[in-house]
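The values are calculated or read from the model by the stated rules, or taken from the named source; none is laboratory data. Keep in mind that what you see is a predicted model, and the values were worked out from it rather than measured. Cβ: placed from backbone, ideal geometry, glycine included. Neighbour counts: every protein chain shown.
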Amino acid sequence: MSLEPIARILIIAGLSLFVIGGLIHLFSRLGINLFQLPGDIRLQSGNVTCLIPLVSSILLSIVLTLILSVVIRFLNK
């Protein structure tokens, strides 16, 4: 049993987490708040706050789809 596929997956996951962490750090330094984009709905009433992240969810879905398609193409070669 070869461990190469598992090693590739772990390397890709580690590099992905490193890149995502770097981007989040960079955006926070630039003052860009990724999780309160225009189009996200925020409802407040007294002590209760309800956040419905519509645009953030769509953006996250697109980014994850692109990342997964690249990973799948890389693993199929």
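Is there a residue being in a loop (DSSP other than H, G, I, E, B) and surrounded by 10 or more Cβ atoms within 10 Å (Cβ to Cβ) anywhere in the range 39-51? Yes: the range 39-51 contains one or more residues that are in a loop (DSSP other than H, G, I, E, B) and surrounded by 10 or more Cβ atoms within 10 Å (Cβ to Cβ). Residues in the range 1-35 that are in contact (Cβ under 8 Å) with a residue 12 or more places away in the chain and farther than 25 Å from Phe74 by Cα: Leu34, Phe35. Name every residue in the range 36-77 that is of a type in the set (D, E, K, R) and touching a residue at least 40 places away in the same chain (Cβ under 8 Å), in order of residue number. Selection gives nothing.
Residues in the range 30-77 that are at pLDDT 85 or above, more than 14 Å from the chain's Cα centre (by Cα) and among the β-branched types (Val, Ile, Thr): Ile41, Val48, Thr49, Ile52, Val70, Ile72.
For the range 52-77, the set of residues classified as surrounded by 10 or more Cβ atoms within 10 Å (Cβ to Cβ) and closer than 30 Å to Glu4 by Cβ consists of Val63, Leu64, Thr65, Leu66, Ile67, Leu68, Ser69, Val70, Val71, Phe74, Leu75, listed by residue number.
When the range 14-38 is limited to residues that are surrounded by 11 or more Cβ atoms within 10 Å (Cβ to Cβ) and of a type in the set (S, T, N, Q), the one that is nearest to Leu66 (Cα to Cα) turns out to be Ser16.
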